[in-house]
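See below for the structure under consideration.
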Amino acid sequence: YTKMSVSNFPRPPLQWFFIAHPGSDAGSKLAGALLNKFYDLPASTGLRIPSFLTPKQEDCMPPSWDDPFENRLNEAEHSMIVLLVDEEMTRTVSGGKGEAWKQFFADGLKRIQGKEGETTSRHRILGVAVGPDGFEFSEGVNMVRVNEPPIRQSDHSNAEYNAELDSWVEMETPQLALQLSIRAIGLLNPMARPSEMHPPFKLFLSHAKADYANKRDHPLRALQYAIAELPIDGWFDAADIPPSSQFEERIQRGIQDCTLLVAFLTDNYASRPWCQREILDAKRHEIPILVANCLEQGEPRNFPYMGNLPTVNVQSLPMTEAAGQIIDRAVRESLRFHINRRQMAAMAKDGETPLATAPEALTLAHYTDTAAFLYPDP
């Protein structure tokens, strides 16, 4: 295996294995693009998740689950194995290795995930259908889908074919990385329940009611449509607070149960007491927050406790594009948050309080007996 990151921790919280058929150009390029999506240089503020590619074996057979592959899974707290299934991997004609790859996937499901509905393993194996052939790879097993890669035409040169492949990889990688990240968060987040019949990722949508009611092009509307196509739930007060129920109690519960809070920062947001309380409650319960900057004219005074948060700027984008930017950044920030929390907890010494984000005045109010904090960069 080609290791692309070196960790100083006893065990990293998460590692990826991207497995493609050695003879597949599309699978190999997609695996490499995914690796680059999750591994960033140590000098950056990126995710830096240890990531591995399978070696190119001359016989084009899958890896063996026996030593050393299965042992490698336990080098991290959680391992995500992503099998990129294309026509090369499903080929069962004379000389094809399809049956061996199918058995590799079936054995992995048994070893890692056990019986359906009884998933207790710290690891996951996911099949990705690279084109329509992938759906026939394992009967009854749901596969993540990407569009079919370009097919080499007889009148195309190698340069033309590679250019088409590169364009396809560039288009498919972001959405696939999003799907994989959501499932990884289901492993890292103790509040997520990936084996039950609801998504492992839940957004709390914090907004000023006046803006939402008066603006037909509010990005929150597009976001609600977009998450309906993904394994994501969205908590929205108008839909999730039943009539005659306690407003404050329901909001508190919604914040505590969410994976991440998205704050739609409009001209009116910071002046609304309920919006301020939602930010403070999320920080008190250590829920990650993402600020979606939707300012138009500006605000007379900003809310101080929104200054220590990641921000995505969407005020000048079309609604659909804005929603996509918010979702992509929200999932990435949540993944970063849970990895940071695990890493800091593993490094903390006696007397140190590990934090997933940089401390601020509000942190000191919550941890009055702490002498030192350990937190990620800068």
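Checking each residue in the stretch 118-153 for being among the β-branched types (Val, Ile, Thr) and either under 21 Å from residue 171 (Cα atoms) or modelled with pLDDT under 85 (or both) picks out 119, 120, 128, 130, 141, 144, 146, 151.
Residue by residue, here is whether (1) modelled with pLDDT of 70 or more; (2) part of a loop (DSSP other than H, G, I, E, B); (3) touching a His at 6+ places or on another chain (Cβ under 9 Å) holds:
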{"residue": "6", "(1), (2), (3)": "no, yes, no"}
{"residue": "18", "(1), (2), (3)": "yes, no, no"}
{"residue": "23", "(1), (2), (3)": "yes, yes, no"}
{"residue": "33", "(1), (2), (3)": "yes, no, no"}
{"residue": "42", "(1), (2), (3)": "no, yes, no"}
{"residue": "72", "(1), (2), (3)": "yes, no, no"}
{"residue": "75", "(1), (2), (3)": "yes, yes, no"}
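Whenever a residue of the stretch 14-35 is in contact (Cβ under 8 Å) with a residue 24 or more places away in the chain and aromatic (Phe, Trp, Tyr), its partners that are part of a strand (DSSP E or B) and open to solvent by 10 Å² or more (accessible area, probe 1.4 Å), lying with C-beta atoms within less than 8 angstrom and at least six residues away or across chains, give the pairs 18/53.
Which of the residues that make up the stretch 237-285 are among the acidic types (Asp, Glu), at pLDDT below 90 and within 25 Å of residue 314 (Cα to Cα)? Full working, then the answer.
First, pick out the residues of the stretch 237-285 that are among the acidic types (Asp, Glu): 237, 240, 248-249, 257, 267, 278, 281.
So of that shortlist, the ones also at pLDDT below 90 come out as 237, 240, 248-249, 257, 267.
Of everything in the stretch 237-285, those that are among the acidic types (Asp, Glu), at pLDDT below 90 and within 25 Å of residue 314 (Cα to Cα) turn out to be 237, 267.
Looking at the stretch 160-169, is at least one residue closer than 25 Å to residue 187 by Cα, modelled with pLDDT of 90 or more and touching a helix residue (DSSP H, G or I) at 6+ places or on another chain (Cβ under 7 Å)? Show your work before the answer.
Applying the first criterion (closer than 25 Å to residue 187 by Cα) to the stretch 160-169 yields none.
Scanning the stretch 160-169 turns up no residue that is closer than 25 Å to residue 187 by Cα, modelled with pLDDT of 90 or more and touching a helix residue (DSSP H, G or I) at 6+ places or on another chain (Cβ under 7 Å).
Of all residues in the stretch 128-182, those being under 30 Å from residue 259 (Cα atoms), outside any helix (DSSP H, G or I) and either of a type in the set (S, T, N, Q) or open to solvent by 80 Å² or more (accessible area, probe 1.4 Å) (or both) number 4. Has the stretch 296-305 got any residue that is closer than 24 Å to residue 221 by Cα, modelled with pLDDT under 90 and charged (D, E, K, R)? Looking for residues that are closer than 24 Å to residue 221 by Cα, modelled with pLDDT under 90 and charged (D, E, K, R), one finds at least one in the stretch 296-305, hence yes. When 374, 335 are checked against the criterion of being within 24 Å of residue 202 (Cβ to Cβ) and in contact with a helix residue (DSSP H, G or I) (Cβ under 7 Å, 6 or more places away or on another chain), 335 stands alone in meeting it.
Output the qualifying pairs, or none if there are none: Cβ atoms under 6 angstrom, residues six or more apart or on different chains, first residue in the stretch 313-324 and touching a residue at least 40 places away in the same chain (Cβ under 8 Å), second residue in a loop (DSSP other than H, G, I, E, B). The qualifying pairs are 319/217; 322/314.
The values are calculated or read from the model by the stated rules, or taken from the named source; none is laboratory data. Since the structure is predicted, the reported quantities are computational estimates derived from the model, not experimental observations. For neighbour counting, all protein chains shown are included, and Cβ atoms are generated from backbone atoms with ideal geometry for every residue, glycine included. Surface accessibility is based on the protein's heavy atoms, side chains included, excluding ligands, DNA and RNA. Shrake-Rupley method; radii C 1.70, N 1.55, O 1.52, S 1.80 Å.
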